[in-house]
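K.L.:
Pasting in a structure now, in structure tokens, and then I'll have a few things to ask.
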Amino acid sequence: MLVAQKAPRRKVRDLKATLESPDLFKETEKAIARRARGFKAPWSIIKCVQAACELPFDEGIKRERELFLELLTSSESAAQRYYFFAEREAAKVLDVPADTPQREIKTAGIVGAGTMGGGIAMNFANAGIPVTLLEVKQEALDRGLKTIRTNYENTAKRGGMKAEDVDKRMALITPTLSYDGLKNADVIIEAVFETMQVKEGVFKQLDAIAKPGAVLATNTSGLDVNQIATYTKRPGDVIGMHFFSPANVMKLLENVRGKATSKDVIATVMTLSKKIGKIPVLVGVCEGFVGNRMLRMRGIQSSYMMEEGALPQQIDKVVYDYGFPMGPFAMSDLAGNDVGWRIRQGKNEKEKRNVRYTGYVADAICELGRFGQKTGGGYYKYNLPDRTPIPDPEVEKIIVETSKKLGITRRAISDQEILERALYPMVNEGAKILSEGMAQRALDIDVIWVNGYGWPVYRGGPMWWADNVVGLKTIHDALLKYRDASGDPFWEPAPLLKKLVQEGKKFSSV
């Protein structure tokens, strides 16, 4: 329009900005505070615009250049550039060639219409893949379908999809009460109760009805995939597909290869993962796989620190300030404290004495019916429906009494000690995972933690952070310090960590 009007040229340097509000920049910073927490670039962008509005042109350009160079040379920039390529590399399996023939996946079957099974079904429907959803009782099936529809309708209300797409996606989901409804599926994923006995029954049924060549996947979060494969006469077709909850939202998919899993099944599942909108990482069979195995180390030390002198809110704040969405105790309240409680109830007193038990406080609060957010109280209290965690004097009393019973003299624990004891054991466990071949590369561990557990992407992942920010020698020496002070073999540096420190190498070299 300006050209058509033959308007005179206007130099940008001569233009003047008019602000809608004198507090525009402060208001913008406040608006992005939550979603941009920990990142540097969004705040620098605001500063650049402010400089353009308030400074002479040449000074504004100079300021913009200064801010750009600060970002370019920052560890946050290096971390995010590393992660960009790591995520793409994680999809490649070192011993499975790119030209490995893959099985055709046109239809899917899901066993279990609960929260996880329903979420998994949504992933396939979202990708346009017809999926049959199996439940053993009509009531459970109806409830699962209702939840799926509600999720889609809520997405449509928020503008995430068109209203007419709700019915289109629901039409791709076929309910069934019979295993025969899955006999033509190209891939079948079980999402049933997390006990080996239940898994055994499911996989024996699947082995009997699934067509030859069908991929049989378990969504287990920690059970032995090799054992599950023995419940079939086709162990090469069995693989783990560990979705994270909520399965229709979380991007990570920890694919677990068993000893017998065939390479074409691995290649097929890695490709399928991306087709249904997931970020796949291949891992080996071990307790907790990669993510949960490392998370357990943080949980152990968080419990110990609580008994020794820290309170849940202090530990959670340190972990939150580092960049996680929430700390370990708030996370436990969100997930439900009763889950771990039921597992711990299976431990006998001898097992508790053989290692330092971590569940004394957790057991005490669960015995009071404090299972977390869903009951209005856990480690924190909640004024439902508001789910903001509020420190609770009743829980503090339980913690102090527990320390006294255990003969522990409570002490002040610094934020730095909390950070080290929460994160360094995770890195140490990551070193063990690498040396055992449970993860192909350090970057696979980082991709798992960024996408599945909320590790801040601007810190690269636990292994990159250890390599490039903290330094392996610093972590190694800290582990020795805690080992010598406590006498606890928990702190013994992993052989791989020791070796890399001696050789002056990094995890990225493995």
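K.L.:
Applying the Karplus parametrisation 6.51 cos²θ - 1.76 cosθ + 1.60 with θ = phi - 60° to the phi angles of segment 100-110, what ³J(HN,Hα) value in whole Hz is obtained for each residue in order, glycine and proline being reported as x?
P.N.:
Once rounded to whole Hz, the list reads 4, x, 10, 7, 7, 10, 10, 9, 9, x, 10.
K.L.:
If you find the alpha carbon centre of segment 274-350 and of segment 472-496, how far apart are they in angstrom?
P.N.:
21
K.L.:
Under a Cβ-Cβ cut-off of 13 Å, what is the net charge of the residues other than Tyr231 that fall near it, where Lys and Arg count +1 and Asp and Glu count -1?
P.N.:
Taking every other residue near Tyr231 into account, the sum is -1.
K.L.:
In addition: Give the long-range amide H neighbours of Leu252: residues separated by 5 or more places, or on another chain, with amide H under 5 Å away, using H modelled in the peptide plane at 1.01 Å from N.
P.N.:
Ile279
K.L.:
Also, I was wondering about something else. Using modelled backbone amide H atoms (1.01 Å from N, in-plane), which distant-in-sequence or interchain residues come within less than 5 Å of Gly377's amide H?
P.N.:
Amide H neighbours of Gly377: Phe371, Gly372, Tyr382.
K.L.:
To continue, here is another question. Show the residues, 5+ positions off or on another chain, whose built amide H is closer than 5 Å to the amide H of Thr132.
P.N.:
Ala108, Gly109, Ile110, Thr174
K.L.:
May I ask you to list the GluC sites (Glu not before Pro) in segment 27-123 that are in a DSSP loop and have at most 16 other Cβ atoms within 10 Å of their Cβ?
P.N.:
Passing sites in segment 27-123 are Glu104.
K.L.:
Now for a separate question. Rounded if a/c is under 1.5, else prolate if a/b is larger than b/c, else oblate: which is segment 108-283, with a ≥ b ≥ c the root eigenvalues of its Cα gyration tensor?
P.N.:
Since a/c reaches 1.5 and a/b is larger than b/c, the shape of segment 108-283 is classed as prolate.
K.L.:
Which of the lysines could be linked to Lys11 by a straight reach, that is with a Cα gap under 27 Å, when you skip same-chain ones fewer than 8 residues away?
P.N.:
Lys47, Lys62
K.L.:
Starting from the Kirkwood radius over alpha-carbon pairs of segment 1-118, derive D by Stokes-Einstein at 4 °C in a medium of 1.567 mPa s and give it in µm² s⁻¹.
P.N.:
Reported coefficient: 64 µm²/s.
K.L.:
Applying the Karplus parametrisation 6.51 cos²θ - 1.76 cosθ + 1.60 with θ = phi - 60° to the phi angles of segment 208-216, what ³J(HN,Hα) value in whole Hz is obtained for each residue in order, glycine and proline being reported as x?
P.N.:
Going residue by residue, I get 6, 10, 5, 6, x, x, 5, 7, 10 Hz, with x marking Gly and Pro.
K.L.:
Let me ask something additional. How big is the antiparallel share of DSSP beta bridges in the chain, given as a percent to the nearest 5?
P.N.:
Within the chain, antiparallel bridges account for around 25 percent of the total.
K.L.:
Compute the Cα gyration tensor for segment 399-440, then decide on rounded, prolate or oblate, letting a ≥ b ≥ c be the square roots of its eigenvalues: rounded whenever a/c is under 1.5, prolate when a/b is larger than b/c in the other cases, and oblate in all that remain.
P.N.:
prolate
K.L.:
Hey, another quick one. Give the Debye-formula value of log10 I(q)/I(0) at each listed q (0.25 Å⁻¹), with one equal scatterer per alpha carbon of segment 16-73, two decimals each.
P.N.:
Treating every Cα as an identical point scatterer, log10 I(q)/I(0) equals -1.05.
K.L.:
With a 10 Å radius around each residue's Cβ, average the other Cβ atoms per peptide and rank 359-370, 329-340, highest first.
P.N.:
329-340, 359-370
K.L.:
Determine, for each peptide in 481-493, 375-387, the mean count of other beta carbons within 10 angstrom over its residues, then list the peptides with the highest first.
P.N.:
375-387, 481-493
K.L.:
Continuing with the same structure: Residue by residue, what Karplus-based ³J(HN,Hα) values in Hz, rounded to whole numbers, does segment 129-143 have, using 6.51, -1.76 and 1.60 with θ = phi - 60° and x for Gly and Pro?
P.N.:
Rounded to whole hertz, the list is 9, x, 9, 9, 10, 9, 9, 8, 10, 4, 4, 5, 5, 4, 5.
K.L.:
Also, I was wondering about something else. Are there trypsin sites (Lys or Arg not before Pro) in segment 183-234 that DSSP marks as loop and that have at most 13 other Cβ atoms within 10 Å, and which are they?
P.N.:
Listed in order of number, the matching sites are Lys233.
K.L.:
I've got another one for you. Answer rounded, prolate or oblate for segment 263-318, using the Cα gyration tensor with square roots of eigenvalues a ≥ b ≥ c: rounded when a/c is under 1.5, else prolate when a/b is larger than b/c, else oblate.
P.N.:
oblate
K.L.:
Hey, another quick one. What percent does the relative contact order of the chain come to when contacts are Cα pairs within less than 8 Å and at least six residues apart?
P.N.:
RCO, the chain: 13 percent.
K.L.:
Next question. Would you work out the Kirkwood radius for segment 212-309? I mean one over the mean of 1/r across all pairs of different Cα atoms, in Å.
P.N.:
14.4
K.L.:
Ok, one more. In bins 10 Å wide, starting from 0, what share of all Cα pairs of the chain does each bin hold, as a percent?
P.N.:
For the chain, the binned pair fractions read 3, 16, 23, 25, 19, 9, 3, 1, 0 percent.
Laboratory data are not the source of any read-out in this text; all were calculated from the coordinates shown. These numbers come from a predicted model, not from an experiment. Cβ sites come from the backbone with ideal geometry, for glycine too, and all protein chains shown count toward neighbours.
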